[in-house]
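For reference, the structure discussed in these notes is given below.
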Amino acid sequence: MNAREGLAVELAVEELEIELLLEAVFQRYGFDFRDYERAAVRHKLHAVMAASELATVSTLQERVLHEPGAASRLLRALSVAPSALFDDPEHTRLLRNVLGTSLRASPLPKVWLPECAGIGQAWTLAIVLAEEDLYARTEIHATLANDELVAEMREASLPYDELAALQENYAQSGGNGNLTEYFEVNNGQASLLPRLKSRITWSEYNLVTDASFNEFNAIICRRALLDFGPVLRQRALRLFHDSLARFGVLGLDCELPASDSLAENYQPIFPNLPWYKRIG
């Protein structure tokens, strides 16, 4: 067997190991990553293995099934990576532009952040809505499939010293004040002001298995779809369609293909950017 053939065998064995691990995670813990984009899953698994100095996916599976805490670490690694506050000024500027216009027509607008990228995404949105004079009547629903992360997000904070470094991104996103004004500080930790925090509802929700649970005026899914395989991605898009009010805004991390069966129901808001208004 030459080197190329040997590598092919190794990859085939690892593919089988990954299938068995994902099946084990589903059967044992109820989290279904089986239809996620395999390349993305493999990359995240390799990172977990490197951090724990594990040579094979099978060894990782043994730890996940038998070692306390190993499953929690794996589920966190496979979940959407958290974002920093105002981490993408251009995206936030577009968010400010679109939602500042579209939500004003609704008396009690609702915004959904499916597979929310942590407090960075949710708190950024809350601050933007406050600056657009929309926070007092807008509900933000931030959902995650991992119940441990949901519990953490409800009580989360960030080091106060980090806010100064985030001020420039905040300004580049269209903010015209001082970012620290939106936080209260306790023992060096900054938490979003209660009047803003109260507009965010954190809850457990699984895009892979759960049904539509409300009607929203905007749905912003920044990172999850790129990790989904084609079948799962289509399921999520159908779910968003069933949950979005007519003339509501859909912000995604990838463009809707023109061939997609749902594409005719949406009008692009910006050229070559995955922001849409539902028209049908």
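Can you compute the charge dipole magnitude of the range 15-117 about its Cα centre, using +1 on each Lys and Arg Cβ and -1 on each Asp and Glu Cβ, nothing else charged? Give it in debye, rounded to the nearest 20.
Details: 12 positive and 14 negative charges, 115 e Å.
Using Cβ point charges on Lys, Arg, Asp and Glu, the range 15-117 gives about 560 debye.
Take the Cα pairs of the range 35-154, get the Kirkwood Rh, then feed it into Stokes-Einstein at 25 °C and 0.890 mPa s and tell me D in µm²/s.
Numbers: Rh = 16.6 Å.
Roughly 148 µm²/s, to the nearest whole number.
Residues whose amide H lies under 5 Å from that of residue 228, counting only those 5 or more places away or on a different chain, are 37; hydrogens are built 1.01 Å from N in the peptide plane.
Look at the alpha carbon pairs under 8 Å that are at least 6 residues apart: their mean separation over the length of the chain gives a relative contact order of 17 percent.
How high is the relative contact order of the range 121-280, in percent, counting Cα pairs under 8 Å that sit 6 or more residues apart? Spell out each step's value before the answer.
Numbers: 208 pairs, mean separation 31.3, N = 160.
Worked out over the range 121-280, it gives 20 percent.
When the convex hull of its Cα atoms is viewed from all sides, the range 3-78 shows a mean projected area of 4.9 nm². Taking a ≥ b ≥ c as the square roots of the eigenvalues of the Cα gyration tensor of the range 89-278, is the shape rounded (a/c under 1.5), prolate (a/b larger than b/c) or oblate? Note, shape of the range 89-278 comes out prolate. Each part gets one Cα centre, and for the range 33-52 versus the range 110-157 those centres are 26 Å apart. Ranking 98, 77, 61 by Cα position along the charge dipole of the range 1-101, where only Lys, Arg, Asp and Glu carry charges on their C-beta atoms, puts 98 farthest toward the positive end. If you wrap the Cα atoms of the range 122-216 in a convex hull and average its projected area over all directions, you get 7.1 nm².
Beta bridges per DSSP, both residues in the chain: antiparallel share near 45 percent.
Throughout, read-outs are computed from the coordinates displayed, never taken from laboratory work. Quick caveat, the model's predicted, so the values are computed rather than measured. Quick reminder, even Gly has a Cβ in these numbers, built from the backbone with ideal geometry, and neighbours come from all protein chains shown.
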